[in-house]
Amino acid sequence: MDIIKRNTDYALRLLYELVKLYGKNRPVPARQLSSELFIPYPITCKLLQKLQNKKIVASVMGPKGGYILARPPSKLNFHEVIEAIQGPIQMNRCFLDRFQCPLKERCPLRKKLAKIQSEILSALKDTTLEEFQDKEQEE
């Protein structure tokens, strides 16, 4: 089982490219991103649209148009990106609001899974796209 699905991996790679150009006012066309990252063009467009709907990226129209980050990399975290592409992150279906487990109050696993869930979400929220910039400077 993958925690990070293929499309989410693609989305993070797309964002990595946009982080490298953040602040340079150089939008990147979807076709260029698709070609450079070996992501099928239709998938690239679909992912960029999802990211745009969540205000993670913005599109710039025109002959020199393309996509840019909608906010500074320090204001965008992995949790936000993953949820934009995959939906809510849950360790187990028992943490979904709509699921009503009859063992909820006496389940021996729930407390431990809730702690793990909390730690994962916290780590994802603490990991910003700004860390891509740090990686870029190290290389």
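Each reported figure results from applying straightforward, stated rules to the coordinates on display, with no laboratory input. Nothing here was measured: the structure is a model prediction, and the numbers come from that model. Don't worry about glycine lacking a Cβ; one is built from the backbone with ideal geometry, like all the others, and counts go over all protein chains shown.
Bridgeable lysines around residue 20 (alpha carbons under 17 Å apart, same-chain partners fewer than 8 residues away excluded): 75, 135. Across 31, 71, 106, mean-square fluctuation computed from a Gaussian network of the chain (C-alpha pairs under 10 Å connected) peaks at 106.
Helix-only arithmetic for the chain: the sum of -39500 (n - 2.57) across DSSP H runs with n ≥ 4, divided by the residue total, places the mean residue ellipticity at 222 nm at -16000 deg cm²/dmol. For the chain, set up a Gaussian network in which alpha carbons nearer than 10 Å are linked by springs, and say which option among 73, 63, 88 fluctuates the most. Largest GNM mean-square fluctuation: 63. Here the chain is assigned +1 on the Cβ of each Lys and Arg and -1 on the Cβ of each Asp and Glu. Its dipole about the Cα centre then comes out at about 640 debye. Taking Cα pairs under 8 Å and at least six residues apart, what relative contact order does the chain come out at, in percent? Computed value for the chain: 28 percent relative contact order.
Can you give the FRET efficiency for residue 38 and residue 75, using 1/(1 + (r/R0)^6), R0 = 30 Å, r = Cβ-Cβ distance, to the nearest 0.05? Let's see the in-between values first.
On the way: r = 28 Å, r/R0 = 0.95.
With a Förster radius of 30 Å, E is 0.60.
Set the bar at 29 Å for Cα to Cα. Now go through 46/115; 5/64; 5/111 and name every pair that lies beyond it.
Violating the 29 Å Cα-Cα cut-off are 46/115; 5/64.
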